[in-house]
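Participant: Quick one: the structure is below, questions incoming.
The values are calculated or read from the model by the stated rules, or taken from the named source; none is laboratory data. Note that the coordinates shown come from a computational prediction; the quantities given were computed from them, not determined experimentally. FYI the Cβ positions are ideal-geometry reconstructions off the backbone, even for glycines, and counts take in every protein chain you see. Surface accessibility is based on the protein's heavy atoms, side chains included, excluding ligands, DNA and RNA. Shrake-Rupley method; radii C 1.70, N 1.55, O 1.52, S 1.80 Å.
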Amino acid sequence: MSSMNKYISNVVKTIPPSGIRKFFDLVAQTEGVISLGVGEPDFVTPWHIREAACYSLERGYTMYTSNQGLLELREEIAAYEKRRIGIEYSPEKEVLITVGVSEAVDLALRTLLEPGDEVLVPEPCFVSYAPVGVLTYGKAVPVQTYDEDQYRLKADVLAKCITPRSKVLILAYPSNPTGGIMGQEDLEALLDIIIKNDLIVISDEIYSELTYYGKHVSIASLPGMRDRTIMMNGLSKAFAMTGWRIGYACGNQDIIAAMTKIHQYTIMCAPIMGQKAALEALRHGETEMRRMVDNYNFRRKLILSGLQDIGMDCFEPRGAFYCFPSIRVSGMSSEDFCAGLLEEEKVAVVPGNAFGENGEGYIRCCYAASVNNIEEAVAKMGNFIKRHNKIPIANIG
Amino acid sequence: MDLERTVLALIENDARLSTKTLATMLGVDEAEIKALIEKMEKAKVILGYNTVINWERMGDDGVTAMIDVKVAPEREVGFNSVAEKIYRFPEVKCVYLMSGTYDLSVVVTGESMKDIAWFVSHKLSTLNNVQSTVTHFILKRYKQDGFIFEEPEEDKRLVVSP
Ligand SMILES: Cc1ncc(COP(=O)(O)O)c(C=O)c1O
C-alpha cells in the first residue's frame with residue numbers, strides 16, 4: 001500500500017508519539033513482567049459502584065444525557081467540591097462533565113488559545129498537556145521543576161518563562177510522574193506572577209485525594225483565583241474508575257459555557273453508564289476511597305524504603321501513587337535503564353524523559369501494585385543496579 | 001491512625017506480611033510491630049494464623065456440612081455448656097450461637113458424607129439438651145474468608161500506561 005502520510009496535517013506530524021507508547025510495545029513483547037509501569041489504581045472499581053452501573057443498565061439508562069451531563073451528577077459534584085476544596089460551583093452554570101480530565105484539558109486549551117499563545121507546562125508532567133497545546137495551535141513552553149525543590153513549581157523559574165504571549169499555566173499537583181505536591185504557601189508564591197501576567201490556570205487535581213501530608217489545597221480557593229482557574233477533577237484515580245471515563249471541569253460560567261460549546265459538537269455528552277457510576281461513587285464511595293488511599297500510603301512507604309535500601313536516591317513523594325527515583329548511580333540514560341531492567345530482570349518502569357526532557361536521569365515507579373510485587377521488583381532493581389553501578393555508593397543494602 | 005487496628009486489619013488479609021514489611025509500610029520500628037503482635041497474641045486478640053486452601057484443586061473430595069442445632073438451654077449456663085461439648089470435637093470447625101429458628105450453627109468437616117452422618121447420629125444428636133438437627137452439605141465453595149475460589153481476580157491493566 002502506498003504511504004498516505006502526505007494527507008496527514010503538519011500539526012499532527014509535528015507532535016511526537018507518546019514515549020510511553022514506545023515503551024509499552026517493548027514491554028508487551030516480554031513475558032512474566034512485574035510492572036511498576038502503570039498509571040492507574042490496582043483496585044478494581046468498588047463493587048457497589050459497578051453494581052449501581054449494572055442496575056442503571058437494567059433499567060434502561062442507555063441514552064444521551066444533556067451536554068453538560070446529568071444535572072443530578074453535577075449537583076453531586078458541586079457538593080463534593082464544596083467539601084473537598086471549599087468552593088461553591090453552580091451545578092447549572094459552572095460544572096461540565098467530560099470524558100475524563102483528558103477531554104477537559106483539550107476543551108480548555110481549545111477554548112483559551114489563539115494561534116501562537118503560550119501554555120506554560122511545568123515538567124516533568126503528565127504526557128498530554130504539551131501535545132494538546134500544540135494541537136490547539138498554541139505553543140507549549142516547558143517550565144522546569146527540580147528534584148531538590150521536591151518538584152514544586154518555583155516563582156523565579158516561572159517568571160523567566162513568561163513572555164507577552166503567555167496565556168495559560170498548567171498546574172497538576174499532586175504530580176504524575178513525581179508525586180510532588182504544592183502546599184498553600186507554594187501556591188501563594190505564584191499568585192503575583194499569575195495575576196500580573198493575566199494568566200488563566202488549568203488546575204488538574206485528579207490525584208488530590210491521594211495526598212499523604214496535610215490537606216490538598218486548590219489554587220482556585222486562593223484570593224482572586226476562583227474565576228481565573230479552570231479546576232479539573234475526575235473519578236479515575238481516587239475511585240479506581242479509569243475505564244469509565246468520567247471527569248469534569250469547574251470554573252467561571254463564561255469559560256464553562258465556551259467549553260460546553262466545543263464539547264456539544266465533538267463529544268455530545270459523557271457516557272451515561274459512567275455518569276451513573278460516578279453518581280454512586282460520589283454519594284456512597286467515600287469509605288472505600290479512603291481505604292484505598294490508606295493502602296497506597298502503606299505501599300508508598302514500603303517502596304521508598306526499598307529504593308533507599310538499594311541505593312537509589314528518591315525524594316519523598318507526598319501525593320499520587322508514583323515515585324521518581326534518580327538513576328544516576330547507573331550512569332545510564334532513562335531509556336537504556338528501563339530497557340535493560342526489562343530485559344535482564346523483567347521489571348517494567350517508565351523512563352522519566354517520557355514526561356519531559358528534564359525527566360531524563362529518572363524513572364517513574366508506580367506503587368499501585370501488590371506488596372509482593374513491590375518487594376520483588378525493588379529487589380530485582382537492586383540486582384540490576386549492583387551489576388551496572390557506575391558510581392560507587394557507600395552502602396548498598 | 002490507630003496502629004493496633006491498622007496492623008490487625010493488614011494481617012487479617014495477609015498473615016504472611018513480615019514484621020519488617022509492616023514496620024516499613026506503617027513507618028514505625030520493627031520492634032514496635034513485634035511487640036504489638038506479641039501483645040495481641042497474649043491478649044488472645046490474635047488467636048492463630050490459618051491458610052485458606054482450596055482442597056478441591058488438590059483432588060481431595062472431603063465434605064463440609066453446616067448443621068442447625070436446636071438446644072434446650074440450661075439454667076445458669078444457657079447454651080455455653082452444650083456449645084463447649086460440641087466444639088471439643090476436632091472435626092467441628094466453627095460453632096456459632098444464632099438468633100432465629102435454631103440455636104447453634106455447627107460447621108463440621110469429614111472425609112465423606114458417611115463420616116458426617118456418623119458424627120451427627122452418634123455424637124451430636126445424642127448430647128443431652130440437643131433437641132433436633134438439620135444437616136446441610138456444602139456443594140460448592142464460591143468464596144471463603146474473602147477469597148474467591150473459582151476465578152481469583154487477576155490484574156487486567158495494561159502493563160504500561162501514562
Ligand atoms: C495528571 C493526570 N491528569 C489527567 C489524567 C487523565 O485522567 P482521565 O482518566 O480523567 O482522563 C491522568 C492519567 O493518567 C493524569 O495522570
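Participant: Computed over the Cα atoms of chain A, what is the ratio Rg over Rh, Rh following Kirkwood? Working shown, then result.
Facilitator: Values: Rg = 21.1 Å, Rh = 21.9 Å.
Value, to two decimals: 0.97.
Participant: Which lysines does A:K93 reach when only Cα atoms under 21 Å apart count, and residues fewer than 8 places away in its own chain are ignored?
Facilitator: A:K82, A:K261, A:K276
Participant: Any of A:K386/B:K156; A:K154/A:K386; A:K386/B:K20; A:K22/A:K215; B:K20/B:K156 with alpha carbons more than 27 Å apart? Name them for me. Intermediate results must be reported in sequence, preceding the final value.
Facilitator: Values: A:K386/B:K156 32 Å; A:K154/A:K386 35 Å; A:K386/B:K20 23 Å; A:K22/A:K215 36 Å; B:K20/B:K156 30 Å.
Beyond 27 Å between Cα atoms: A:K386/B:K156; A:K154/A:K386; A:K22/A:K215; B:K20/B:K156.
Participant: Students often forget the sequence filter, so: which lysines lie under 20 Å Cα-Cα from B:K70 once same-chain residues fewer than 8 apart are removed?
Facilitator: Within the straight-line cut-off, B:K70 pairs with B:K85, B:K93, B:K123.
Participant: Pick out which of B:E74, B:E41, B:E150 has the largest mean-square fluctuation in a Gaussian network model of chain B, springs linking Cα atoms closer than 10 Å.
Facilitator: Taking springs between Cα atoms under 10 Å, the residue moving most is B:E41.
Participant: If you line up the long axis of helix A:334-345 against the longest principal axis of chain A, both from Cα atoms, how many degrees apart are they, to the nearest 10?
Facilitator: Once rounded, one gets 60 degrees.
Participant: Give the lysines whose C-alpha is closer than 17 Å to that of B:K42, dropping any in the same chain fewer than 8 places away, or say none.
Facilitator: Within the straight-line cut-off, B:K42 pairs with B:K34.
Participant: Report, to the nearest 10°, how far helix A:100-112 tilts away from the longest principal axis of the Cα atoms in chain A, using its own Cα long axis and a range of 0 to 90°.
Facilitator: Rounded to the nearest ten degrees, it is 60.
Participant: On the full set of protein chains, 1.4 Å probe, figure out the accessible area of A:V33 and give it in Å² to the nearest 10.
Facilitator: 30 Å²
Participant: Additional query: At a probe radius of 1.4 Å, what is the per-residue accessible area of A:R283, in Å² to the nearest 10?
Facilitator: Number for this one is 110 Å².
Participant: Between B:E12 and B:R141, what is 0.36 nm times their sequence separation minus the Cα-Cα distance? Round to one decimal in nm.
Facilitator: On the way: separation 129, 0.36 × 129 = 46.44 nm, distance 2.04 nm.
Computed gain between B:E12 and B:R141 is 44.4 nm.
Participant: Turning to a different aspect of this structure: Once you put a point 7 Å from the Cα of A:K346 and another 7 Å from the Cα of B:K44, both along the Cβ direction, what distance in nm separates them?
Facilitator: Between A:K346 and B:K44, the simple spin-label model gives 4.7 nm.
Participant: Would you tell me the accessible area of B:H122, worked out with a 1.4 angstrom probe on the heavy atoms of the protein chains, in Å² to the nearest 10?
Facilitator: Ignoring ligands and nucleic acids, B:H122 comes out at about 100 Å².
Participant: Using a Förster radius of 41 Å, what is the FRET efficiency between A:S3 and B:L158 based on their Cβ-Cβ separation? Nearest 0.05, please.
Facilitator: On the way: r = 29 Å, r/R0 = 0.71.
Efficiency computed from Cβ-Cβ geometry: 0.90.
Participant: Looking at chain A only, what percent of DSSP beta bridges run antiparallel? Nearest 5 please.
Facilitator: Values: 14 of 33 bridges.
Among the beta bridges of chain A, antiparallel pairing accounts for roughly 40 percent.
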